[in-house]
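Q: Sharing a structure with you now.
Derivation of every value follows stated rules applied to the coordinates shown; laboratory data play no part. All figures in this text were calculated on a predicted structure; none of them were measured in a lab. In this analysis, Cβ positions are derived from the backbone assuming ideal geometry, glycine residues included, and neighbour counts consider all displayed protein chains.
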Amino acid sequence: MTNFNLTDLERIVAARAAADPDQSWTAKLVAAGMPRAAKKLGEEAVETVIAATAQGRNELVAESADLLYHLMVVLRIADVPLGDIMAELERRTSQSGLAEKAGRRAE
């Protein structure tokens, strides 16, 4: 098991986002803006679904890593810290998923 976590990934994405776009894929993606990064995130989501339903474990692991990376890039561009996402997940886990979904409909 690795000690690497999403906070580590968030830090690496932030550092690479500040690099020269000619030297870093992350910086290039950030420089291209939200529409390009969001499109790439969507592509990775589809590839993850395909891997989950029609490919093997190794492909699912690889595509899931791509998906998480691209999500972190989108969050970076939107200036949404991972801590905000984790706080929302923590809030949601204080109740059942069915109750949480029912509460969203009432809003």
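Q: With each label point set 7 Å from Cα along the Cα-Cβ vector, what nm distance links Ala62 and Leu98?
A: 4.0
Q: Right, something else. Calculate how steeply helix 34-54 sits against the longest principal axis of the alpha-carbon atoms of the chain, using the helix alpha-carbon long axis, and give the answer as 0 to 90 degrees to the nearest 10.
A: It is inclined by approximately 70 degrees.
Q: What is the order of Leu67, Leu6, fewest Cβ neighbours within 10 Å to most? Could the numbers behind the result be given before it?
A: Working: Leu67 20, Leu6 13.
Ranking Leu67, Leu6 by Cβ neighbours within 10 Å, fewest first, gives Leu6, Leu67.
Q: When Lys and Arg each count +1 and Asp and Glu each count -1, what net charge do the other residues less than 13 Å away from Ala38, Cβ to Cβ, add up to?
A: Once positives and negatives cancel, what remains is +2.
Q: A further question follows. Quick one: which of 24-31, 47-54, 36-43 comes out on top by average Cβ neighbours within 10 Å, and what's the full order, highest first? Numbers along the way, then the final one.
A: On the way: 24-31: 18.1, 47-54: 14.1, 36-43: 16.0.
Packing order, densest peptide first, comes out as 24-31, 36-43, 47-54.
Q: Near Ser64, within a Cβ-to-Cβ distance under 11 Å, what is the net charge of the other residues, with Lys and Arg +1 and Asp and Glu -1? Before the final figure, lay out each step's value.
A: Working: positive: Arg57; negative: Glu44, Glu47, Glu59, Glu63, Asp66.
Result for the neighbourhood of Ser64: -4.
Q: Between Asp20 and Thr53, what FRET efficiency comes out of the Förster formula 1/(1 + (r/R0)^6) with R0 = 35 Å and r the beta carbon distance, rounded to 0.05? Could the numbers behind the result be given before it?
A: Working: r = 39 Å, r/R0 = 1.10.
Plugging the Cβ-Cβ distance into 1/(1 + (r/R0)^6) gives 0.35.
Q: Determine the calculated [θ] at 222 nm for the chain from helices alone, applying -39500 (n - 2.57) to every DSSP H run no shorter than 4 residues and normalising by the residue count; nearest 500 deg cm²/dmol. Walk me through the numbers on the way to the answer.
A: Working: 6 runs with 83 residues, N = 107.
Value at 222 nm, helices only, nearest 500: -25000 deg cm²/dmol.
Q: Find out how many positive minus negative residues lie around Leu9, taking Lys and Arg as positive, Asp and Glu as negative, among other residues whose Cβ is under 15 Å from that of Leu9. Please list the in-between numbers first.
A: On the way: positive: Arg11, Arg16, Arg76; negative: Asp8, Glu10, Glu44, Asp66.
Computed value for this residue: -1.
Q: How big is the dipole moment of the chain about its Cα centre under a simple scheme where the beta carbon of each Lys and Arg is +1, that of each Asp and Glu is -1, and everything else is neutral? Debye, nearest 20, please. Can you show the working numbers first?
A: Numbers: 13 positive and 16 negative charges, 50 e Å.
I would put it at about 240 debye.
Q: For the chain, take the longest principal axis of its alpha carbons; what is the angle in degrees between that and the long axis of helix 6-17, to the nearest 10 within 0 to 90?
A: 30
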